[in-house]
Amino acid sequence: MSQFSLADRTGVEPLADAGSYAGEETSTTGVAWGAVIGGALAALALSLVLVTLGSGFGLAIVSPWRGAGASATTFTMITAVWLIIVQWLASALGGYLTGRMRTKWVGLHTHEVFFRDTANGFLSWATATVIGALFLVSAASWGVNQTANPAAGYQATTATADPTAYYVDTLFRSDRPVASSPAPDERAQASAFW
Amino acid sequence: MPADDATYLSTLVALRTGLSQPSAQDRITAVTDKMRHDADVARKAGAALALFTGLSLLIGAFIACTAGLWAVCNGTNISLCPL
């Protein structure tokens, strides 16, 4: 890498030439959108891979079993550290690719180049975060639609069962279960108290 | 739970389970406590998940900025690079 001069990598001309750009203004923005979107997609893909790997190691945040996911029972420190590692690696890849994949800027002050590459790295992170959030939200709403649909089948119906059902069951447990089963309206009344 | 609600519910439970009224009340108290405890555990886990998701995203933002800057600093005259 070190055989490249500063001008090669940053597009900065020697100081003697700096005056020749005075008064000139390009019509292009400082945002290299192609590189930003590419970096964002790379970050998203890497975080997807890492999250899948983490699930393989038992660090799943979402579990198919109701009440068994980390969000419902235990959110361990290992899961927290893994979240941070995933974000760290994915963002580093996305930001680095964004910085490397843009076309060279000509006639810019070094500090402006440094700022633009920092900002482009930030934009690739922001793009990846927004796309990822939209994906998560649509996945969640898809799940809600599935369970809200009465034709969606038995699995869905049981998943939307009354959250207090277990506690009402506990309340009405008895040594003589058949004779003492509470009527549905009594269950509903008991459930309403909570 | 309001007192008259508790009385009514304990009557209901006593009728259906054959427990005495005080035992039914004890059971209601125990089940209510357990439910509150379970809900509290779930709430705390949810809060921790949100906290660490936000924290990791903030760290990711910083790392993405640094990586973008490092991409151009890498291989240049290092004394000019703010990193």
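The values are calculated or read from the model by the stated rules, or taken from the named source; none is laboratory data. Not measured: the values here are computed from a predicted model. Note: ideal-geometry Cβ built from the backbone for every residue, glycine included; neighbour counts use all protein chains shown.
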Residues of the stretch A:115-134 being in contact (Cβ under 8 Å) with a residue 40 or more places away in the chain and surrounded by 20 or more Cβ atoms within 10 Å (Cβ to Cβ), in sequence order, are A:R116, A:N120, A:G121, A:L123, A:S124, A:W125, A:T127, A:A128
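So which of A:Q87, A:Q155, A:Q189, A:Q146 ends up being facing another protein chain (nearest Cβ under 9 Å) and at pLDDT below 80? Before the answer, list the steps.
Details: A:Q87 fails: at pLDDT below 80; A:Q155 fails: facing another protein chain (nearest Cβ under 9 Å); A:Q146 fails: facing another protein chain (nearest Cβ under 9 Å).
When all the criteria are applied, what remains is A:Q189.
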If we keep only residues of the stretch B:27-67 that are surrounded by fewer than 15 Cβ atoms within 10 Å (Cβ to Cβ) and among the charged types (D, E, K, R), then the residue nearest to A:A80 (Cα to Cα) is B:K44
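Take the residues of the stretch A:62-84 that are at the interface with chain B (Cβ under 7 Å from one of its Cβ atoms) and under 15 Å from the mean Cα position of the chain (by Cα): which is modelled with the lowest pLDDT? Even if it seems obvious, please write down each step before you answer.
Quick first cut of the stretch A:62-84, residues at the interface with chain B (Cβ under 7 Å from one of its Cβ atoms) only: A:70-75, A:80, A:83-84.
Pick out the ones that are also under 15 Å from the mean Cα position of the chain (by Cα) and you get A:80, A:83-84.
On the way: A:A80: 84, A:L83: 88, A:I84: 91.
Result: A:A80.
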Screening B:A24, B:A71 for residues that are facing chain A (nearest Cβ under 7 Å), assigned to a helix (DSSP H, G or I) and crowded, with 18+ Cβ neighbours inside 10 Å leaves only B:A71
Considering the stretch B:1-16, residues that are assigned to a helix (DSSP H, G or I) and within 7 Å of chain A (Cβ to nearest Cβ), and then whichever is surrounded by the most Cβ atoms within 10 Å (Cβ to Cβ), we arrive at B:V13
